[in-house]
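Reviewing the structure listed below.
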Amino acid sequence: MRRFSLWMKAHPAFGDSLIAGLLLISDMGLAVAAAEQGVSFSAFFAVTLLLLGPLPFRRYHPVGTSYLILAGGFLQLFTHGGMQNGIPVRLSDFALAIALYTLVAYVGRKSGLIYSGWLLAGTLLWAVFQIAELQAIFLVFMVFVIFGFSWAMGEFIGARRAYQSEMEQRLKLLETGLDQQAKIAVGEERSRIARELHDVVAHAVSVMIVHADGAAYTIRSQPEVAENAVRTIADTGRQALTEMRRLLGVLRSEDAETQWAPQPDARGVVELAENTRAAGVPVRLEITGDVDDLPVGVGLSVYRIVQEALTNTIKHAGTGSTALVRLARSPEELRLEVIDNGFGTPHDVVKVSGGNGLIGMRERAAVLGGEFEAGPNPGGGWRVRASFPLAA
């Protein structure tokens, strides 16, 4: 039933055609009565078509269809003079009320007022020339009640459509703003990643230069030391080359202040856990495998993701919450998981308000060819997961 309702909303002409068809069927019975009183069936049917024919198109051409229906109403005054003793109103006349509602709801009050003036004039003519004197007062009252109800419905639906249109515009603006904010956050985070990788490579080059100088100094007197220095240079160079490849495509801000110290790595997660405990959130740390010799870019991203995740736990998890940090290394990949059992800020509110931290974490994983996901934990709280490939 809901699917049919949605289909009807998407195809309004079908519903209007259905209404016109039902009114047309009801008028066919009156056509027989009109013929018995001397009214031409063709004239009766022509008025019916003029009243009901435009209804399926009223939403697309409200002004034109409304005045075609009005023309049918005036034509009815001059073709049914022989029905003085019959039924002076037929169901197809409700098309006039539908037309008034359409103008008020889809065009505006000014068009509705002009149309109401024509309806008033037509109603008075109809009361004078077409119905008996005793019926006039009651029927005219009923007609004005119907027209008044149509106007009220038009006002209500028109206001609702205007409100819905305004809300859609606001949602589009909000969506555009959030999209722009997300793009800005991605750009800022990529710039930060580029700066950090730049510092990593710069540090590696500095190490290579120092060992190269040492090798040149000891190559004759201490060849073993020189050999170890050359191996260190080779290993550091490969690592720096890997980081340089990751750096491609990531823009670096020219006005950023360069820091020549090594960036934090996965070993700093222990310190992050201790700092979080000092902030009042108990943290349990589980490390499987050796994370001391991770590639520098991976270790740095692990540190930043855990840092951001624990910061969000402190901000949003609420009092009495705990956190769990898992690091599991295998020959192929490193898996990271941060889970809390908090009940604080609803996660949909966090997303709407920005969520730049999640964007940054996702960007860090993507730059290194890894995967990232964050969302509600099935057991309650919030969960962050990331994986980084380690195979060459």
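Peptide packing: for 215-225, 18-28, 48-58, the average count of neighbouring Cβ atoms within 10 Å per residue gives the ranking 48-58, 18-28, 215-225, highest mean first. A simple packing score, the average count of other Cβ atoms within 10 Å per residue, orders the peptides 67-75, 168-176, 149-157 as 67-75, 149-157, 168-176, with the highest score first. With r defined as the distance between the Cβ atoms of E333 and E155 and R0 fixed at 41 Å, what FRET efficiency is calculated, to the nearest 0.05? Rounded to the nearest 0.05, the efficiency is 0.05.
Electrostatic bookkeeping for G15 treats Lys and Arg as +1 and Asp and Glu as -1; over the other residues with beta carbon under 13 Å from its beta carbon, the sum is +2. Take every DSSP beta bridge whose two residues both sit in the stretch 268-342; close to 55 percent of them are antiparallel. Once the Cβ-Cβ distance of A279 and E188 is raised to the sixth power relative to R0 = 30 Å, the FRET efficiency obtained is 0.75.
Sorting W7, W382 by accessible area puts them as W7, W382; the probe is 1.4 Å, largest comes first, and only protein heavy atoms count. Other residues whose C-beta falls under 15 angstrom from the C-beta of E332 contribute a net charge of -1, scoring Lys and Arg +1 and Asp and Glu -1. Suppose R0 equals 30 Å. What FRET efficiency, 1/(1 + (r/R0)^6) with r the Cβ-Cβ distance, do L49 and R170 give to the nearest 0.05? Result of the calculation: an efficiency of 0.10. Once you list every other residue whose beta carbon is under 14 Å from the beta carbon of L50, what net charge do they have if Lys and Arg are +1 and Asp and Glu are -1? Counting the neighbours of L50, the net charge comes to 0.
The values are calculated or read from the model by the stated rules, or taken from the named source; none is laboratory data. None of the values given here were measured: they were computed from a predicted structure. Methodologically, a virtual Cβ is constructed for each residue, glycine included, from the backbone with ideal geometry; neighbour enumeration extends over all protein chains shown. These area figures cover heavy atoms from the full protein model, side chains too; ligands, DNA and RNA do not enter into them. Shrake-Rupley method; radii C 1.70, N 1.55, O 1.52, S 1.80 Å.
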